[in-house]
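The values are calculated or read from the model by the stated rules, or taken from the named source; none is laboratory data. These figures come from a predicted structure and were not determined experimentally. Cβ placement follows ideal geometry from the backbone for every residue including glycine, while neighbour counts extend to all protein chains displayed.
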Amino acid sequence: MRPLTGDALRAALGTAVSRVFGLGRDVAIAHVFGATAAYDAFLAAFFVPNLLRGLLGEGGLAAAFLPVYGRAQSRGQPQVVAAHTFSALLVLLPIVSALGAWTARWYVPLLAAGFPDEQLQLAVTLGRWIFPVLGLVSLASLASGILNANGRFFVPALSPALPNVAMIGGALLLAPLVRPSIGALVFGLLAGAGGMLLIQLPFLRGHVGPLPRPWPPRPELREMGKRLLPVLGGVAMAEVNVLVDTRLASYLAEGAISTLQYAMRLFQFPIGIVAVSVATAALPRFARNASEGLQGPFRDALRQGLGLGTLLILPAMAGLLALGRPIIQLLFEHGAFTAHDSARTYAALAAYLSGVWAYTMVYLFSRAFYGLGRPAIPVLTGSLAVAVNIGLDIWWVEPWGTFGLALATGLAGWVNALALGLLLLRRGRGWFPWPPVLGAAAGAATLGLTLAAADRWFLSPHGPWVQVFVGVPLGVAVYALTMRALGLHRWFRAVR
């Protein structure tokens, strides 16, 4: 079997390209729309389609499909299972999309109860047009799962860049031509979602057999359905946090939802590259070695994934804390995006970053339980984290606004991570990688303190361009030297 690090880095490369275009998308949106009521309406309209995309697409479907597909590979029948799964989705997804568009008049007001009438009607209209994205992205995600299981990680990780590219074009080119102008983002989103599927189809040759009639369902499909139900709960629990944040933010000042979105984008940038890529590479290994439990290759994959994720995520957290403000100014503070918006966004980003390592662990731990055939456990721990998040949201939204909502999300991630970690410890030990974790913590602290001092004494007088383009290489160099001094480069080489 190829090293986990290699597959994770291939997935990270494709994901990094996608995330860079995601940042470019938000730069274009910030320039054209800023943190305004129109963009708040778009985000509220996109919430439910995005939630279902996590279930039937990027998160849930892969977790339910890959263990079943892995067994089919061992029996020599992967093409048959893949074809039946595609057929079932081609019947199911149009029905779900039509129902979602029809019910937009009810779910959007539930999410954005604080919107004025005109803004609420705009959000409902946008929600009706956005829902077909669900079907396209879900089919693309099934294609990604098949390719991942067959050792292809770069193209599936790259494909989410296409909606970002299309939305950049929509914001910059279509917005002046359509009314309302925010509708340009919907057109770009639909075009990009179709591109996600089309770019992967040529690589599926030989991995998917002829599409059969979807009825009666094969036993494998029924098993996927059973696995999908608890995963549905896990995804829904995660999205309840966003739902509560969105509803409470709709009562705050105009642009509050947009502020959380811009901060969340920067928060998710390292998570998307590091945590998602490592978890994506680890899940097929967990599925193949589940019979061993927390022993042998399964334990090694968990230890290596957690060590690699920690070595990469902690310096990203320290760097964003030290240079987050000039990064936001450089990316967003132009056009319709103001200095006040930058200040609000950085405050929310700093609060979110309190949970960045926790969410990295949650990604990996939950995939470990999926591989073990215990998908209900992440649902239970996620439910506990949601309860904590909602309580902290209600407590902190009035005195602290968007900062309080973001901080509640960060701390809820720790509740989830600690609960999952303790339950994994009950099933076996020896998987926690102490040397890279302690070394990464020391390196991240050194990086953060160095950047904070350099920014205060040398960089800040020269503006955000110098702060970012001198500060980032300086931080990388400091962290690399610290890792070498601590001997962590040998651990990384051993994992490779």
Scan region 303-310 and tell me whether some residue there is within 23 Å of Ala440 (Cβ to Cβ), touching a residue at least 12 places away in the same chain (Cβ under 8 Å) and β-branched (Val, Ile, Thr). yes
Which pairs turn up if I take residues in region 344-370 that are more than 15 Å from Val278 (Cα to Cα) and look for partners that are of a type in the set (Ser, Thr, Tyr) with beta carbon separation below 7 Å, at least 6 apart in sequence or on another chain? Arg344/Thr259; Arg344/Thr402; Thr345/Thr259; Thr345/Tyr262; Ala348/Thr259; Ala348/Thr402; Tyr352/Thr409; Gly355/Thr409
Every listed condition ((1) touching a Pro at 6+ places or on another chain (Cβ under 6 Å); (2) modelled with pLDDT under 90) holds for Gly192 save (2)
Identify the residue in region 472-492 that is under 27 Å from the mean Cα position of the chain (by Cα) and aromatic (Phe, Trp, Tyr) and, among all such residues, is nearest to Leu308 (Cα to Cα). Phe492
Would you check which residues across region 168-183 are in contact with a Leu (Cβ under 9 Å, 6 or more places away or on another chain) and either at pLDDT 95 or above or not in a helix (DSSP H, G or I) (or both) and list them? Ala175, Pro180, Ser181, Ile182
State all residues of region 146-161 that are on the phi < 0 side of the Ramachandran plot and over 16 Å from the mean Cα position of the chain (by Cα); if no residue qualifies, say none. Ile146, Leu147, Asn148, Ala149, Asn150, Arg152, Phe153, Phe154, Val155
For Gly293, all conditions in the list (1) at pLDDT 80 or above; (2) surrounded by fewer than 24 Cβ atoms within 10 Å (Cβ to Cβ) hold save one; what is the number of the exception? (1)
Among (1) modelled with pLDDT of 90 or more; (2) surrounded by fewer than 23 Cβ atoms within 10 Å (Cβ to Cβ) - the single one Ala348 does not satisfy: (2)
Would you be able to say whether some residue in region 255-273 is part of a loop (DSSP other than H, G, I, E, B) and either surrounded by 23 or more Cβ atoms within 10 Å (Cβ to Cβ) or at pLDDT below 90 (or both)? yes
Collect the residues in region 193-207 that are free of Cβ contacts under 8 Å to residues at least 40 places away in the same chain and part of a helix (DSSP H, G or I), keeping them in residue-number order. Gly195, Leu198, Pro202
The listed residue being hydroxyl-bearing (Ser, Thr, Tyr) and farther than 22 Å from Met264 by Cβ, out of Tyr370, Tyr363, Tyr359: Tyr370
Answer yes or no as to whether Val388 is part of a helix (DSSP H, G or I), surrounded by fewer than 21 Cβ atoms within 10 Å (Cβ to Cβ) and β-branched (Val, Ile, Thr). yes
In region 164-177, which residue that is under 25 Å from Ala101 (Cα atoms) and in contact (Cβ under 8 Å) with a residue 60 or more places away in the chain is farthest from the chain's Cα centre (by Cα)? Ala175
Regarding region 47-58, can at least one residue be identified that is touching a Gly at 6+ places or on another chain (Cβ under 6 Å) and either at pLDDT 85 or above or not basic (Lys, Arg) (or both)? no
Within region 312-345, residues being surrounded by 24 or more Cβ atoms within 10 Å (Cβ to Cβ) and polar (S, T, N, Q) number 2
Within the set of pairs 6 or more residues apart or between chains, which connect a residue that is touching a residue at least 40 places away in the same chain (Cβ under 8 Å) inside region 70-83 to a residue that is among the basic types (Lys, Arg) and in a helix (DSSP H, G or I) with Cβ atoms less than 8 Å apart? Gly70/Arg288
Residue check: is Val397 farther than 30 Å from Phe298 by Cβ, in contact with a Leu (Cβ under 6 Å, 6 or more places away or on another chain), assigned to a helix (DSSP H, G or I) and in contact (Cβ under 8 Å) with a residue 40 or more places away in the chain? yes
What number of residues in region 450-463 are more than 20 Å from Met317 (Cβ to Cβ) and surrounded by 13 or more Cβ atoms within 10 Å (Cβ to Cβ)? 2
From (1) within 23 Å of Arg227 (Cβ to Cβ); (2) surrounded by 18 or more Cβ atoms within 10 Å (Cβ to Cβ); (3) small (Gly, Ala, Ser); (4) at pLDDT below 95, pick out the condition that doesn't hold for Ser383. (2)
Counting just the residues of region 208-224 that are touching a residue at least 24 places away in the same chain (Cβ under 8 Å) and in a helix (DSSP H, G or I), which one comes out surrounded by the fewest Cβ atoms within 10 Å (Cβ to Cβ)? Glu223
Can we say Ala477 is surrounded by 19 or more Cβ atoms within 10 Å (Cβ to Cβ) and assigned to a helix (DSSP H, G or I)? no
Determine whether Gly233 is buried (at least 17 other Cβ atoms within 10 Å of the Cβ) and either of a type in the set (Ser, Thr, Tyr) or modelled with pLDDT under 85 (or both). yes
